[in-house]
1. Tell me, W145, W28 in order of fewest to most beta-carbon neighbours within 10 Å?
2. In a shell of Cβ-Cβ distance under 9 Å around L275, excluding L275 itself, what net charge do Lys and Arg (+1) and Asp and Glu (-1) give?
3. Rounded to whole Å and ordered largest first, report the semi-axes of the equivalent ellipsoid of region 171-324 derived from its Cα gyration tensor (root of 5λ).
4. Using 7 Å Cα-to-Cβ label points, what is the E208/R157 separation (nm, one decimal)?
5. Using label points projected 7 Å from each Cα along Cα→Cβ, tell me how many nm separate S186 and D374, to one decimal.
6. Please identify every one of the chymotrypsin sites (Phe, Trp or Tyr not before Pro) in region 186-295 that sits in a loop by DSSP and has no more than 14 other beta carbons within 10 Å of its own beta carbon.
7. Mind giving me the nanometre distance, one decimal, between the label points for K147 and K241, set 7 Å out from Cα along Cα→Cβ?
Amino acid sequence: MGYVILFITLIVLAVYLIAIIIASLPLWGATLIVLFLTVLYMRSLKVIRLNSPKILSRLLQPNINVDRIEWRIIDSEIQSYTDPFGTIVLCITTSTGACWLAADLLRKYKYFHGGKILGQKYPPQTEILVACILTAIVVLWMLYWVKPRNILERAVRRKIRKIMQGLDAKLSGLSELAALEQGIISVSRSWGISFLVNYSKETREYIEENKADLLKNLEGLNLLLAQKIAAVKVDHQNLEKAFRHFTEILSVHERTSNEVVLSGSILLIKQMEKLYEGIQSSNIKILIERKQWADFHRILDMIQSDIDKLGDRAKRYSAGGQQTPYENTDLEMSEEQAYKVLGLSPSATNEQIKKVYWQLSHIYHPDKGLSQDDERFKLIKAAFLALKEKRKFS
């Protein structure tokens, strides 16, 4: 008997619940319409905001591919941008408001009028409360089923792909810059030096830092590329010129070395060896790596001048079979010899003598010079002291 009563009670409650559900349909309709409108509003808002380069730059990553810039979607940023938390909160808020307004309107028109169940009367407010609870359950279930994140993400990705079709741009300057850099690398490797070229890296850094501007136009990037190409052309020309000068000096040294060896002068041979060490010195290559072109050519010119002088001395030695000038560094140097050692004319001023002495010392100093040559440095110092004593300058 108890089971029968329970069964009848459940049937009565089910019938009551069905009646409430039917009565709640207007609430459901109003609430779900507001829910979907809210989702569509948030979807449209996210898509419209993509027209802002600042926001779009957060979602795209530019990549340099040979001669063009290609854009790639950053998935992690897309997921962050389409985070559904704000959308869900807004949906729940608007749905709750819509449900309350619809229920109040239906109450005014006495749509809910109460009733009786199991002999007990219930007021319209109870019916409205149950209808609102059922509506809230339906809203939550719809949010779970609709999945606002998927709706937002699909719309955003579709919009971004459409934008990206007009973004991929070919830049002839990129391939030209890469070709020039490769030329510099080729010369550097054949020379055995480390000449740093980082123009492409600087371009990539500029692209990364100015993504928002690049999404508007490429004017700034084209200007940067023009500047970099001009700079790398200058470096390439200077490097090739320096390399030609270097190989010419090596050729002159090799040719003069044969003459010096034939002369049989041990001192001249040693000085030629010192000059070769100076040419191959790491200090010479450092000047190239630091782009100190003027100093590089000036030092090579000085070395070539010394090579030429050694060649002349070797010829005189071979012709006369006598000791070369200045081979005996213990002898007191004459004024004429001093001018020849320093490569100056007698009309040179005191300041010019000091300047040349400093330059030659910088090259041949046995401890600090670029081409360390103790014998040569002694000769230069003796010449300077001889002129200093003769001219009486400090």
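1. Least to most surrounded, the residues fall as W145, W28.
2. -2
3. Semi-axis lengths for region 171-324 are 48, 11, 11 Å.
4. The modelled label-to-label distance comes out at 2.6 nm.
5. Rounded to a tenth, the inter-label distance reads 4.5 nm.
6. none
7. So the label points at K147 and K241 sit 6.6 nm apart.
Values quoted throughout were computed directly from the atomic coordinates according to the rules given, and no laboratory measurement underlies them. From a predicted model like this one, the values you see are computed outputs, not experimental measurements. Virtual Cβ from ideal backbone geometry, glycine too; neighbours counted across all protein chains shown.
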